[in-house]
Amino acid sequence: MEPRSPDASQAVMTELVLPQHTNAFGTCFGGTILSWIDIAAGVCAGRHAGTTAVTVAFDDVHFITPIRLGDIVNVVARICHAGRTSMEIQVDVWRERYGGPREHANTAFVVFVAVDAAGHPVPVPPIAVETADDGERHAAAQARRGARLAKVRRS
């Protein structure tokens, strides 16, 4: 398989936080943000694989900056690593107010596996590491993958 550029599969979503997305404190439900992360990461993984991809794992997710009613939320998903059938996607979440600066709200790493119509894993193309940033993301993703696999083996 020919390597694919991370630029080709990047996914960007923009959401507006409405009342149905918020709790009694006026901040966005964590589950809503996780859903947006999963959707953007799924689009990115599917673009890279050229087929359907399913969520396998979420790494630690830390909510750094509160996202409030009326905020604009930008979700950016980019592939970091591709194994034989799995892919790690980095998702950065940014919040902004109209006319205000963008603030980093959180980062999540989500693992997907590419599947065929019957739900069986299928091979994915490798990543074309084209920039120093891509190389750093790829190296860090390999370390996370090793830690993730070690954790699964202990279970």
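Derivation of every value follows stated rules applied to the coordinates shown; laboratory data play no part. Because the structure is a prediction, the values reported are computed rather than measured. So basically every Cβ, Gly included, is an ideal-geometry build from the backbone, and we count neighbours across all protein chains shown.
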- Ranked packing of 21-27, 107-113, most packed first, by mean Cβ within 10 Å: 107-113, 21-27
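Give me the Kirkwood hydrodynamic radius of the chain, using the inverse of the mean 1/r over all pairs of distinct Cα atoms, in Å to one decimal. Walk me through the intermediate numbers first.
Numbers: mean 1/r = 0.0617 Å⁻¹.
Radius from the Kirkwood sum: 16.2 Å.
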- Message: Exposed loop sites here are trypsin sites (Lys or Arg not before Pro) in DSSP loop states with at most 14 other C-beta atoms within 10 Å. What is the longest stretch of the chain lacking them?
- Response: 1-83
- Query: Helix 132-154 versus the longest principal axis of the chain: what angle, 0 to 90°, nearest 10, using Cα atoms?
  - Reply: 80
- Note on the structure: Answer in debye to the nearest 20: the dipole magnitude of the chain about its Cα centre, from +1 Lys/Arg and -1 Asp/Glu charges placed on Cβ, is 480
- Quickly work out the residue 131-to-residue 151 label distance, labels modelled 7 Å from Cα along the C-beta direction, and quote it in nm with one decimal. 2.8
- Note down the nm distance, to one decimal, between modelled labels 7 Å out along Cα→Cβ at residue 24 and at residue 118. 5.1
